[in-house]
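Just below is one structure, and these are the notes that go with it.
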Amino acid sequence: MVNQSDFVQDKRVIVIATLYIVQEGDARGRFIPVFREFLAGVHSEPGMNHFTVSVNGDFTEYGIYEEYKDQAAFDAHANSAHSEKFNRICKDKDKPLFRPEKQPVVSLYTPFRPLPSPA
């Protein structure tokens, strides 16, 4: 059995998110400039180490891998003006960009690495 004590935890926060974009109307076209503005803000965050975006073939699902130096850096990101604006626009009740029936999935992880085996 594996125990948490078998691993060394570091302070980084890893986020893996999937965004599901509305397929109808002009939603995909509206999403791109909103997402670009959000990314500009993300890339200016001092505690952000890595941010990679992947997309499916019809641009309706975005997979995002984020790495922050620590919990404080992630909290600053989550509470930033650009994150709040992005979420407000994407979740607008009248013209949502996120699919109402399939909300974003966001999971947070902490990296662990195995301790060396005893000699």
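Going by the structure shown, is E66 modelled with pLDDT of 95 or more and in a helix (DSSP H, G or I)? For E66, the condition - modelled with pLDDT of 95 or more and in a helix (DSSP H, G or I) - is not met. Can you tell me which residue within the range 92-102, out of those that are surrounded by 14 or more Cβ atoms within 10 Å (Cβ to Cβ) and not basic (K, R), is farthest from H43 (Cα to Cα)? Applying the filter and picking the extreme gives P96. For the range 57-91, the set of residues classified as exposed (fewer than 11 other Cβ atoms within 10 Å of the Cβ) and more than 14 Å from Y20 (Cα to Cα) consists of N79, A81, R88, listed by residue number. The one condition from (1) within 30 Å of L115 (Cα to Cα); (2) at pLDDT below 90; (3) not in a helix (DSSP H, G or I) that I14 does not meet is (2). In this entry, Q71 is excluded by the filter for residues that are polar (S, T, N, Q) and farther than 30 Å from S5 by Cβ. Out of S5, S54, one residue alone is assigned to a helix (DSSP H, G or I), exposed (fewer than 14 other Cβ atoms within 10 Å of the Cβ), out of contact with any helix residue (DSSP H, G or I) (no Cβ under 6 Å at 6 or more places or on another chain) and polar (S, T, N, Q). It is S5. Taken residue by residue, the range 29-45 has no member that is touching a residue at least 60 places away in the same chain (Cβ under 8 Å), within 20 Å of S80 (Cα to Cα) and assigned to a strand (DSSP E or B). Applying the condition of being part of a loop (DSSP other than H, G, I, E, B) and in contact with a strand residue (DSSP E or B) (Cβ under 7 Å, 6 or more places away or on another chain) to the range 93-119 and asking which residue is nearest to R36 (Cα to Cα) yields L97.
Screening F59 on (1) farther than 23 Å from L108 by Cβ; (2) free of Cβ contacts under 8 Å to residues at least 12 places away in the same chain shows it passes everything except condition (2). Pairs meeting the criteria (first residue in the range 79-92 and touching a residue at least 12 places away in the same chain (Cβ under 8 Å) and under 12 Å from F35 (Cβ atoms), second residue of a type in the set (A, V, I, L, M) and surrounded by 13 or more Cβ atoms within 10 Å (Cβ to Cβ), beta carbons under 6 Å, at least 6 apart or on different chains) are I89/V34; C90/L97. Please verify whether the range 51-68 includes one or more residues that are over 27 Å from Q4 (Cβ atoms), of a type in the set (A, V, I, L, M) and out of contact with any Cys (no Cβ under 6 Å at 6 or more places or on another chain). Taking every residue of the range 51-68 in turn, at least one turns out to be over 27 Å from Q4 (Cβ atoms), of a type in the set (A, V, I, L, M) and out of contact with any Cys (no Cβ under 6 Å at 6 or more places or on another chain).
The values are calculated or read from the model by the stated rules, or taken from the named source; none is laboratory data. For clarity, every value in this text was computed on a predicted model and none was experimentally measured. Cβ sites come from the backbone with ideal geometry, for glycine too, and all protein chains shown count toward neighbours.
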